[in-house]
Amino acid sequence: MGLERCGAAGTTAALAILNDAVKKGGAMASSAIGGLSGSFIPVSEDAGMIEAVQVGALSIEKLEAMTCVCSVGLDMIAVPGDTPVEVIAGIIADEMAIGVINNKTTAVRIIPAPGKKVGEVVEFGGLFGTAPIMAVNPFSPAKFIRRGGHIPAPQRAMTN
């Protein structure tokens, strides 16, 4: 579509255009088929995504932005095995907030890889592929995560 690499500026816009085209094509093709249709961006299962991570073009934060316009959430992302549980919870909370606010289905498959560091790879085998270990933001969400609670449904209108 004209991007040097997935993850470059414009990636989320390109993904939005692609996802919209897939949905429109699906709607035109059939009126009796249901389910999700659109782009799916699992890191470990796509050579282009793996390469984009390895050259530093794609981060967890950029993947999160891309989930705002695609069918699913953060998928098959390997992180260092020593990643604090609060950081993983914060990543899950961020993705869940995108789903709640945008009224869309989303999910997270983030995989802590014991003994692995950023830049190394983990082999899952078969269709699960190979995942480069991605860096996580070094700043802690621990105090926020430990507060507990829930993210409420958003206010949709101020009229009655």
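Residue pairs, Cβ under 9 Å, 6 or more apart or interchain, first in the stretch 1-12 and at positive phi, second of a type in the set (Ser, Thr, Tyr) and surrounded by 13 or more Cβ atoms within 10 Å (Cβ to Cβ). List them. Qualifying pairs under 9 Å: 7/59. So is residue 95 out of contact with any Lys or Arg (no Cβ under 9 Å at 6 or more places or on another chain), closer than 15 Å to residue 72 by Cα and free of Cβ contacts under 8 Å to residues at least 40 places away in the same chain or not? Judged against the criteria, residue 95 is a match. Within the stretch 68-84, if we keep just the residues that are touching a helix residue (DSSP H, G or I) at 6+ places or on another chain (Cβ under 6 Å) and buried (at least 19 other Cβ atoms within 10 Å of the Cβ), the residue that is nearest to residue 119 (Cα to Cα) turns out to be 74. Here the condition is being touching a Cys at 6+ places or on another chain (Cβ under 8 Å) and in a helix (DSSP H, G or I); of 88, 98, 92, 145, it holds for 98 alone. Residue under question is residue 157, and the condition is that it be out of contact with any Leu (no Cβ under 9 Å at 6 or more places or on another chain), in contact (Cβ under 8 Å) with a residue 40 or more places away in the chain and over 24 Å from residue 10 (Cα atoms); does it hold? So residue 157 fails the test. For the stretch 123-130, indicate whether the set of residues that are in a helix (DSSP H, G or I) and either among the basic types (Lys, Arg) or touching a residue at least 24 places away in the same chain (Cβ under 8 Å) (or both) is non-empty. Checked the stretch 123-130: at least one residue is in a helix (DSSP H, G or I) and either among the basic types (Lys, Arg) or touching a residue at least 24 places away in the same chain (Cβ under 8 Å) (or both). Checked against the criterion of being assigned to a loop (DSSP other than H, G, I, E, B) and in contact (Cβ under 8 Å) with a residue 60 or more places away in the chain, the candidates 83, 105 yield just one match: 105.
Name the single residue, out of those in the stretch 5-56 being assigned to a loop (DSSP other than H, G, I, E, B), modelled with pLDDT of 80 or more and small (Gly, Ala, Ser), that is farthest from residue 119 (Cα to Cα). Checked the stretch 5-56; the qualifying residue farthest from residue 119 (Cα to Cα) is 10.
To keep it simple, each residue is scored yes or no on (1) touching a strand residue (DSSP E or B) at 6+ places or on another chain (Cβ under 9 Å); (2) outside any loop (DSSP other than H, G, I, E, B); (3) surrounded by 13 or more Cβ atoms within 10 Å (Cβ to Cβ); (4) of a type in the set (S, T, N, Q).
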site	(1), (2), (3), (4)
64	yes, yes, yes, no
111	yes, yes, yes, no
117	yes, no, no, no
154	no, no, no, no
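The values are calculated or read from the model by the stated rules, or taken from the named source; none is laboratory data. Since we're looking at a predicted model, the values are computed, not measured. Cβ sites come from the backbone with ideal geometry, for glycine too, and all protein chains shown count toward neighbours.
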